[in-house]
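Working notes for the structure below.
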Amino acid sequence: MFKAAGYYRRTCNGIYDDYMVTVVKEFQEKEDLSVTGYFLHRDYIQLGLLE
């Protein structure tokens, strides 16, 4: 989902590594959310994946 949204710019590997933490933080900062590096329920809502 981050790849489709343009945040993840590498080949997806399914591992929540340092790069993924950076991607999540970038998303959270851009969307004016608390920057934690963890993908939370509110982030799914912000991406439009949940209501």
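The values are calculated or read from the model by the stated rules, or taken from the named source; none is laboratory data. Not measured: the values here are computed from a predicted model. Please note: Cβ atoms are built from the backbone with ideal geometry, for glycine as well, and neighbour counts cover all protein chains shown. Just the protein is used for accessible areas: all its heavy atoms, side chains included, with ligands, DNA and RNA removed. Shrake-Rupley method; radii C 1.70, N 1.55, O 1.52, S 1.80 Å.
Let me check something: with ligands and nucleic acids excluded, how do Val35, Val23 order by accessible area (1.4 Å probe), largest to smallest?
The ranking, largest first, comes out as Val35, Val23.
Running a GNM on the chain with Cα contacts under 10 Å, which residue among Thr11, Thr36, Thr22 ends up with the highest mean-square fluctuation?
Sorting by GNM fluctuation, first place goes to Thr11.
For Arg9, what charge total do you get from the other residues with a beta carbon under 13 Å from its beta carbon, if Lys and Arg give +1 and Asp and Glu give -1?
With Lys, Arg at +1 and Asp, Glu at -1, the neighbours total +1.
Tell me the angle of helix 18-30 to the major Cα principal axis of the chain, expressed in degrees between 0 and 90 and rounded to the nearest ten.
30
Before I look further, what does the chain give for accessible area per residue, probe 1.4 Å, in whole square angstrom?
73
Counting each DSSP H run of 4 or more residues in the chain as -39500 (n - 2.57), what helix-only mean residue ellipticity at 222 nm follows after dividing by all residues, to the nearest 500 deg cm²/dmol?
-10500 deg cm²/dmol
Could you tell me what percent of the accessible area of the chain is made up of carbon and sulfur, with a 1.4 Å probe and every protein chain present?
51
Suppose each label sits 7 Å from its Cα in the direction of the beta carbon; what would the Asp32-Leu49 distance come out to in nanometres?
My value for the distance between the label points is 2.3 nm.
How long is the gain from Tyr19 to Lys3 if the chain were fully straight, where each residue apart is worth 0.36 nm and the alpha carbon distance is subtracted?
Residue separation times 0.36 nm, minus the Cα-Cα distance, leaves 4.5 nm.
Counting only protein chains, not ligands or nucleic acids, how are Tyr38, Tyr7, Tyr19, Tyr44 ordered by accessible area (probe 1.4 Å), most first?
If we order Tyr38, Tyr7, Tyr19, Tyr44 from most to least accessible, we get Tyr38, Tyr44, Tyr19, Tyr7.
Taking every pair of alpha-carbon atoms in the chain, give the share separated by more than 17 Å as a whole percent.
That fraction is 28 percent.
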